[in-house]
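*Asks:* Before I ask anything, let me first share the structure, which is written out below as C-alpha cells.
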Amino acid sequence: MPFPSAPPETVAALAQLLAAPQRIAITTHFNPDGDAMGSSLGLARVLRAMGHEVQVVLPNEPPGNLRWMPGSSEALAYDKAKEACEQAVRKAQLLFCLDFNRPDRVDKLEETLNAAPIKVLIDHHRDPAQVFNLVFSDITASSTCQMVHDVLSAMGVAGLIDLEAANCLYAGLMTDSGSFRFSSTSPHTLRVAADLLERGAQPDRIHAAIMEDNTLDRLRLTGYALSERLQLVENGTAALIALSRAEHDRFHYTPGDTEGLVNYGLGIRGVRLSAFLAERNEIIKLSLRSKGNLPVNEFLSAHFEGGGHANAAGGRFNGTLDAAVALLLRELPAFLAKHPG
Ligand SMILES: [Mn+2]
C-alpha cells in the first residue's frame with residue numbers, strides 16, 4: 001500500500017462523505033501540541049480548498065509558539081469561546097477527530113463530541129475508543145500529520161496542500177518525531193517530509209518558530225529542574241524530575257514551559273527511562289520516556305491511569321507529589337527487571 005495509514009476502503013468511505021460540500025468541524029486533544037495543531041489546521045486548509053466549510057475547534061488555547069500557524073487565529077478554543085465551540089460542532093455534518101483516541105481527551109468538549117452525527121478519527125495512539133464512525137488508526141505513524149498527508153494523498157487531493165498547509169503538516173511531523181530522531185521516524189516519514197518541502201514547507205522557519213520561542217522564565221525553570229531536581233535512581237538506569245506547584249509558580253509557569261523537559265534525563269549515559277512528575281491543578285501529571293524495548297505506556301496504564309506510545313507516554317495520579325514519586329519508585333524495579341535492557 002503506497003499510503004500505509006490510508007486503507008483504500010476507508011479512503012473510499014471518506015471520499016463518499018466528502019463528495020458534496022459539507023459543514024465540517026475539526027477537533028483535537030486538550031493542550032494541543034504541534035501535531036494536534038498542525039494536523040487540524042493543515043487538514044482544514046485542504047478541506048476548504050476542496051469547497052467545504054470548516055471550523056477548527058480546540059478544547060483550549062494552544063501555546064504561544066504554535067500561534068504562527070496559518071489559521072490559528074481563526075480556530076475557536078473552548079476555554080475562551082464555549083458557546084461558539086459547541087455551536088460549531090453541533091451544526092457540523094462531519095466532525096474530524098485528530099491526534100487523540102478517546103472522547104475524554106477533548107476535556108469539556110466531550111459531550112458535544114459524542115453528539116456529533118459522523119465522527120472521523122485520524123490518529124496514531126493505541127486502542128482507539130469505539131465511538132468513531134470512520135477510523136484511520138495507525139500506531140506506527142510518526143504523527144497524525146503524516147497520516148493526514150497519507151489520507152489526502154490517497155484521496156488524490158495532495159495537490160491542494162499549499163505552502164501554508166505544508167508548513168502546518170511539517171510542524172507536526174517535526175515535533176512528534178522529536179525533529180526526526182525518534183524510532184517512529186520511518187523512510188515514509190522522510191518521504192512525506194520531502195513531499196511537504198516540495199510543496200513549499202520551510203523547515204528552518206518552522207523549527208525557529210517552535211523551538212526558539214522560549215521565555216527567560218522557561219529557560220530558568222529548565223535550568224532549575226536540571227540542577228536542583230533531576231535525580232538518578234535504580235543504579236543510574238532511570239532519571240526522575242518532580243516539580244511541585246510552588247516550584248512552577250516560582251518561575252511563572254505557563255502551559256508548555258516544561259514540554260520536552262523529560263527528554264533531558266534520557267540523554268544521560270546509562271539511562272533507559274526518564275520520568276517527569278508535575279503537580280498541576282489538584283492532580284499529578286506524569287510523563288515518561290524510554291529507550292529501546294521498555295514499554296512505558298504499559299507501566300503507566302498499570303499504575304497511573306495512563307497510556308500512549310511504548311517509548312513516550314503520559315499518566316496521572318490523585319494524591320500528593322511525594323506519594324506519586326513513592327509509587328513510581330516502588331513499582332519501577334519490577335518493571336525494569338521485567339524488561340531487561
Ligand atoms: Mn501526535
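The values are calculated or read from the model by the stated rules, or taken from the named source; none is laboratory data. Keep in mind that this is a model prediction, so the values were computed, not measured. Cβ: placed from backbone, ideal geometry, glycine included. Neighbour counts: every protein chain shown. Heads up: the accessible areas ignore ligands, DNA and RNA and are worked out on the full protein's heavy atoms, side chains in. Shrake-Rupley method; radii C 1.70, N 1.55, O 1.52, S 1.80 Å.
*Asks:* Say we look at region 122-143 and pick out the residues that are touching a helix residue (DSSP H, G or I) at 6+ places or on another chain (Cβ under 7 Å) and of a type in the set (S, T, N, Q); which of these is nearest to the ligand (Cβ to nearest atom)?
*Replies:* Ser143
*Asks:* Pairs under 6 Å by beta carbon, first residue at positive phi in region 73-85, partner open to solvent by less than 30 Å² (accessible area, probe 1.4 Å), six or more apart or different chains?
*Replies:* Nothing qualifies.
*Asks:* For Ser184, which of the numbered conditions (1) open to solvent by 30 Å² or more (accessible area, probe 1.4 Å); (2) assigned by TED's automatic domain parsing to the domain that holds His149; (3) more than 16 Å from the ligand (Cβ to nearest atom); (4) not acidic (Asp, Glu) fails to hold?
*Replies:* (3)
*Asks:* Kindly provide the set of residues from region 259-274 that are out of contact with any Lys or Arg (no Cβ under 8 Å at 6 or more places or on another chain) and buried (at least 21 other Cβ atoms within 10 Å of the Cβ), ordered by number.
*Replies:* Within region 259-274, Leu261 is the sole residue that qualifies.
*Asks:* Look at region 6-31 and say how many of its residues are out of contact with any strand residue (DSSP E or B) (no Cβ under 6 Å at 6 or more places or on another chain) and either within 14 Å of the ligand (Cβ to nearest atom) or aromatic (Phe, Trp, Tyr) (or both).
*Replies:* Residues in region 6-31 being out of contact with any strand residue (DSSP E or B) (no Cβ under 6 Å at 6 or more places or on another chain) and either within 14 Å of the ligand (Cβ to nearest atom) or aromatic (Phe, Trp, Tyr) (or both): 3 in total.
*Asks:* I need the full set of residues from region 32-49 which are open to solvent by 10 Å² or more (accessible area, probe 1.4 Å) and within 12 Å of the ligand (Cβ to nearest atom), in order please.
*Replies:* Result: Asp33, single match.
Here is a yes/no grid of residues against (1) under 30 Å from Arg45 (Cα atoms); (2) outside the structural domain of Asp35 (by TED's automatic domain parsing); (3) of a type outside the set (D, E, K, R):
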residue: Asp195; (1), (2), (3): yes, no, no
residue: Ala201; (1), (2), (3): yes, no, yes
residue: Thr237; (1), (2), (3): no, yes, yes
residue: Leu243; (1), (2), (3): no, yes, yes
residue: His248; (1), (2), (3): no, yes, yes
residue: Phe251; (1), (2), (3): no, yes, yes
residue: Asp257; (1), (2), (3): yes, yes, no
residue: Leu261; (1), (2), (3): no, yes, yes
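*Asks:* What's the number of the condition Ala12 fails, among (1) without any contact (Cβ under 8 Å) to a residue 60 or more places away in the chain; (2) hydrophobic (A, V, I, L, M, F, W, C); (3) not in a helix (DSSP H, G or I)?
*Replies:* Evaluating Ala12 over (1) without any contact (Cβ under 8 Å) to a residue 60 or more places away in the chain; (2) hydrophobic (A, V, I, L, M, F, W, C); (3) not in a helix (DSSP H, G or I) leaves (3) as the failure.
*Asks:* For region 214-239, name all the residues that are under 13 Å from Gly256 (Cα atoms) and surrounded by 17 or more Cβ atoms within 10 Å (Cβ to Cβ).
*Replies:* Selection gives Arg218, Leu221, Thr222.
*Asks:* Failed condition for Arg45, given (1) touching a helix residue (DSSP H, G or I) at 6+ places or on another chain (Cβ under 6 Å); (2) at pLDDT below 95, with all others met?
*Replies:* (2)
*Asks:* Of Val131, Val135, Val120, Val148, which residue is of a type in the set (A, V, I, L, M, F, W, C) and within 25 Å of Arg199 (Cα to Cα)? Please lay out each step first, then the result.
*Replies:* Values: Val131 fails: within 25 Å of Arg199 (Cα to Cα); Val135 fails: within 25 Å of Arg199 (Cα to Cα); Val120 fails: within 25 Å of Arg199 (Cα to Cα).
Being of a type in the set (A, V, I, L, M, F, W, C) and within 25 Å of Arg199 (Cα to Cα) holds for just one of Val131, Val135, Val120, Val148, which is Val148.
*Asks:* Given the conditions (1) part of a loop (DSSP other than H, G, I, E, B); (2) more than 16 Å from the ligand (Cβ to nearest atom), report the number of the one that Phe100 does not fulfil.
*Replies:* Every listed condition holds for Phe100 apart from (2).
*Asks:* Got at least one residue in region 156-172 being under 19 Å from the mean Cα position of the chain (by Cα), β-branched (Val, Ile, Thr) and not assigned by TED's automatic domain parsing to the domain that holds His309?
*Replies:* No, there is no match, as no residue in region 156-172 is under 19 Å from the mean Cα position of the chain (by Cα), β-branched (Val, Ile, Thr) and not assigned by TED's automatic domain parsing to the domain that holds His309.
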